[in-house]
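The values are calculated or read from the model by the stated rules, or taken from the named source; none is laboratory data. Because the structure is a prediction, the values reported are computed rather than measured. In this analysis, Cβ positions are derived from the backbone assuming ideal geometry, glycine residues included, and neighbour counts consider all displayed protein chains.
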Ligand SMILES: NC(=O)c1ccc[n+]([C@@H]2O[C@H](COP(=O)([O-])OP(=O)(O)OC[C@H]3O[C@@H](n4cnc5c(N)ncnc54)[C@H](OP(=O)(O)O)[C@@H]3O)[C@@H](O)[C@H]2O)c1
């Protein structure tokens with residue numbers, strides 16, 4: 001089996017901040033060298049997770065999770081080929097029992113790429129979003145990545161060290177992670193957590209045989225928008241999940257944070273130069289229109 005790219009040497013001091021630099025599309029033309037043995041992808045039943053599963057090479061075995069067993073079975077059938085191991089597991093990541101099920105399944109497999117992708121969002125003022133939905137965002141977007149990462153990373157590091165390979169860890173955050181977002185307060189805060197968590201982990205683990213990436217897509221054409229209550233007309237011009245997946249896999253090992261697309265890189269850099277209240281007011285106005293017809 002081809003080996004993952006040997007990036008060997010521990011990261012030098014100062015290199016981390018250099019990797020955060022936001023760069024253009026030209027760098028993402030090749031996935032050469034990206035070879036993992038076994039990937040766990042949460043939220044693989046649609047959108048970005050499904051696109052990531054399809055973008056990985058056939059040498060990479062897969063543990064695909066989500067709640068929808070039928071969609072998982074269809075994806076498994078589509079990606080199956082001679083000699084490739086693909087496991088599927090229907091589990092609700094909003095609940096301890098579901099998270100435990102995923103961890104137990106993954107611990108029996110040689111996972112060396114963990115993609116914490118499952119996520120859910122809801123547009124609307126906090127006090128109008130049902131309390132259970134608010135909690136679900138925190139459970140799926142925050143608790144699940146923390147619990148899965150904490151449980152699986154030690155084994156990933158141990159295997160990577162003993163086999164002289166590199167492991168990979170992707171946390172799917174969002175461009176919403178870069179500022180507070182009234183009308184999507186809990187979602188944006190959960191994604192800020194994902195971004196900071198992955199960035200901090202990348203720094204803690206520099207020198208270890210694992211690459212960590214906080215992936216920050218902007219609007220992407222998936223089921224997310226409709227499920228979050230965002231009107232379909234507002235989502236024209238959004239990126240394809242295939243583009244997001246391609247860029248994610250190309251950026252892993254190259255930088256700690258990747259914002260998808262030039263316009264999104266601009267949008268995420270502007271808040272640094274404005275007073276926080278101004279930024280919050282701008283986002284309130286922009287997001288207030290998203291849920292309307
Ligand atoms: N689309 C965008 O505009 C956008 C922008 C920035 C960031 N993101 C992030 O990208 C990630 C993927 O979202 P997507 O855009 O691909 O949306 P999507 O098509 O709705 O996919 C979300 C995935 O998460 C899974 N999921 C949701 N709740 C779950 C739960 N309770 N337990 C287990 N799995 C659950 C879904 O599976 P089941 O329904 O089968 O459970 C589905 O596979 C999310 O973290 C999202 O926050 C999306």
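Name the one entry in 202, 177 that is buried (at least 20 other Cβ atoms within 10 Å of the Cβ) and within 15 Å of the ligand (Cβ to nearest atom). Walk me through it before giving the result.
Numbers: 202 fails: within 15 Å of the ligand (Cβ to nearest atom).
The conditions single out 177.
Filter region 58-76 down to residues that are closer than 22 Å to residue 215 by Cα and without any contact (Cβ under 8 Å) to a residue 40 or more places away in the chain and give me whichever is farthest from the ligand (Cβ to nearest atom).
62
Test residue 167 against the criterion of being exposed (fewer than 15 other Cβ atoms within 10 Å of the Cβ), over 14 Å from the mean Cα position of the chain (by Cα) and modelled with pLDDT of 95 or more, and give yes or no.
Values: exposed (fewer than 15 other Cβ atoms within 10 Å of the Cβ): no; over 14 Å from the mean Cα position of the chain (by Cα): yes; modelled with pLDDT of 95 or more: yes.
For residue 167, the condition - exposed (fewer than 15 other Cβ atoms within 10 Å of the Cβ), over 14 Å from the mean Cα position of the chain (by Cα) and modelled with pLDDT of 95 or more - is not met.
Looking at region 99-124, which of its residues are assigned to a helix (DSSP H, G or I) and surrounded by fewer than 21 Cβ atoms within 10 Å (Cβ to Cβ)? First the steps, then the outcome.
Keep residues of region 99-124 that are assigned to a helix (DSSP H, G or I), which gives 99-107.
If the condition is that a residue be assigned to a helix (DSSP H, G or I) and surrounded by fewer than 21 Cβ atoms within 10 Å (Cβ to Cβ), then 100, 101, 103, 104, 105, 107 are the ones that fit.
Without any contact (Cβ under 8 Å) to a residue 60 or more places away in the chain, within 21 Å of residue 135 (Cβ to Cβ) and within 21 Å of the chain's Cα centre (by Cα): which single residue out of 91, 105, 97 fits that description?
On the way: 105 fails: within 21 Å of residue 135 (Cβ to Cβ); 97 fails: within 21 Å of the chain's Cα centre (by Cα).
Result of the check over 91, 105, 97: 91.
Which number in (1) within 16 Å of the ligand (Cβ to nearest atom); (2) more than 27 Å from residue 125 (Cα to Cα) marks the one condition that residue 226 misses?
Here residue 226 meets the rest and fails (2).
For residue 219, state whether it is touching a strand residue (DSSP E or B) at 6+ places or on another chain (Cβ under 8 Å) and more than 30 Å from residue 157 (Cβ to Cβ).
On the way: touching a strand residue (DSSP E or B) at 6+ places or on another chain (Cβ under 8 Å): yes; more than 30 Å from residue 157 (Cβ to Cβ): yes.
Criteria met by residue 219.
Condition first: away from the ligand (no atom under 12 Å from the Cβ) and either part of a loop (DSSP other than H, G, I, E, B) or over 22 Å from residue 286 (Cα atoms) (or both). Now tell me which residues in region 229-242 satisfy that. Step through it out loud before you land on a result.
Step one: list which residues in region 229-242 are away from the ligand (no atom under 12 Å from the Cβ), which gives 229, 231-233, 236.
The answer is 229, 231, 236.
Would you be able to say whether some residue in region 60-67 is more than 12 Å from residue 86 (Cβ to Cβ) and either at pLDDT below 95 or assigned to a helix (DSSP H, G or I) (or both)?
The answer is no, given that none of the residues of region 60-67 is more than 12 Å from residue 86 (Cβ to Cβ) and either at pLDDT below 95 or assigned to a helix (DSSP H, G or I) (or both).
From the list 119, 47, which residue is on the phi > 0 side of the Ramachandran plot, within 11 Å of the ligand (Cβ to nearest atom) and either at pLDDT below 95 or touching a helix residue (DSSP H, G or I) at 6+ places or on another chain (Cβ under 9 Å) (or both)? Before the answer, list the steps.
On the way: 119 fails: on the phi > 0 side of the Ramachandran plot.
After ruling out the rest, the residue left standing is 47.
Only one of 132, 139 is farther than 23 Å from residue 168 by Cβ, surrounded by 18 or more Cβ atoms within 10 Å (Cβ to Cβ) and within 14 Å of the ligand (Cβ to nearest atom); which? Working first, answer last.
Values: 132 fails: surrounded by 18 or more Cβ atoms within 10 Å (Cβ to Cβ).
One residue alone meets the criteria, 139.
Any chance region 269-282 includes a residue that's crowded, with 17+ Cβ neighbours inside 10 Å and within 13 Å of the ligand (Cβ to nearest atom)?
Scanning region 269-282, I find no residue that is crowded, with 17+ Cβ neighbours inside 10 Å and within 13 Å of the ligand (Cβ to nearest atom), so the answer is no.
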